[in-house]
Amino acid sequence: MDADAGMSALLSRASFRRFMTARVGSITAQQMILLAVSWHMYDLTSSAWDLGLVGLFQFMPGLATTFVAGHCADRMHRGRIVAACLAAQAVTAALLVVATVTHVVTRDVLLGLSLILGAIRPFQMSGQQALLPMLVPQKLLARAMALSTVVQQICVVAGPALGGLLFAIGVNAVYLTCAVLFCVSALMCAFVRYDYVPAPREPVTAGTILAGLRFVWSNPLLLGGISLDLFAVLFGGATALLPVYAREILHVGPQGLGLMRSAPAIGALCVGLVLSRHAIRRGVGKKLLTAVAVYGICIIGFGLSRSFPVSLVLLAIAGGADTISVVVRQTLVQLETPDRMRGRVSAVNTLFIGASNQLGEFESGVTATAFGVVGSVVFGGCATILVSIAWRRLFKPLAQRDALH
């Protein structure tokens, strides 16, 4: 199937279009509300510690709810789960509007609502990851994953920019816009249709809830793919140290910091557009591991660079390489997982992604203290390359995988 025919076949599916529309609205709103809550907290307390607590409070509930969320995604209508999660986030945004208008918003209110947002996220992520393969035929899944990644990267760039513009009106303009976007996205997901067959009833036990973790552990291809993301991002993530590079090393100030934060998303967007039209057909395992190695090389180059334009190019290439890794891994995870297990396996994947991002920032801070900022970034890039090499030997089914289908 050629690129134009494949894209037309994807976009001809009404449920897929509704799903992608919901993705645009929800990711944009999530980026905006994260920005607004963080800024609001710092405006209230002027405390970097409290700013860090916002992120921690949004991460910690996932440790308790992730496996339950996966179990629900395998037992209930996934479109309705995602719609309910988006509606709950709309209510949370509305509560922020009310709390701000009535002047009762405090540090504890923001932390409490951050906790709610963190508890909702695993249900939404597990539901939507397991839902996408039900909306397209298997031969179009890789294109659909790539297009979904493109949409995500566009919203990651556009969401904070739109939020910044709305801040000129006031923080409530941001919260209110988020509430509207969440509501529209929830409606779109509520009308997503697929061949839903209710799962057979069985007792809810620790065994059924943790079945996804056992399934991943027993499948070398899945374990290799999911753990590759965990360790590559854990060691190779330099995001937490970008402010230091902007101020102390490249001397480009906050404007340069903004460009550096956007560069990986721009690279990811470009590669995602290519992959949405031209899916990888052969040697996917080798290309996956090569992309991770290229990511590590770019991180090393960024760590050593003293040229701002070169640093931007390296970050953009790293973002593009990461997109190849994401599309291949996510597609393989969905293809190798039976539908009855997709929700629980997606929950494991969500937990690993969340842990890699949070622990990666912590690792960057620890190694920067031990080796200096440049040493930390270079060490992370080298470790990422070593992970790519090690995974070729440890997970041969992943390295030797030829085709996605």
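Bear in mind that the values in this text are calculations on the coordinates, not laboratory data. Everything numeric in this text was worked out from a predicted model, so none of it was measured. All Cβ positions, even for glycine, are placed from backbone atoms using ideal geometry, and neighbour counts span all protein chains on display.
Count Lys and Arg as plus one, Asp and Glu as minus one, and take only other residues whose Cβ is under 11 Å from that of V327; the net charge is then +2. For region 1-209, the square roots of the Cα gyration tensor eigenvalues, ordered a ≥ b ≥ c, give a/c of at least 1.5 with a/b no greater than b/c, which places it in the oblate category. Here the translational diffusion coefficient of region 79-188 follows from Stokes-Einstein with Rh set to the Kirkwood radius across Cα pairs; for 25 °C and 0.890 mPa s it amounts to 158 µm²/s.
A simple packing score, the average count of other Cβ atoms within 10 Å per residue, orders the peptides 339-345, 152-158 as 339-345, 152-158, with the highest score first. Based on C-alpha pairs under 8 angstrom that are at least 6 apart in sequence, the chain has a relative contact order of 27 percent. Calculated mean residue ellipticity at 222 nm for the chain: -27500 deg cm²/dmol, from DSSP H runs with n ≥ 4 weighted as -39500 (n - 2.57), summed, divided by the residue count and rounded to 500.
Treating only the Cβ atoms of Lys and Arg (+1) and Asp and Glu (-1) as charged, compute the dipole magnitude of region 1-209 about its Cα centre; round to the nearest 20 debye.
In total the dipole reaches around 540 debye.
Using the Cβ of C189 as centre and a radius below 10 Å, the other residues enclosed give a net charge of +4, where K and R count +1 and D and E count -1. Only Cα sites of the chain enter the Debye sum here, all with the same form factor; the resulting log10 I(q)/I(0) across q = 0.07, 0.09, 0.11 1/Å is -0.32, -0.54, -0.83, listed in q order.
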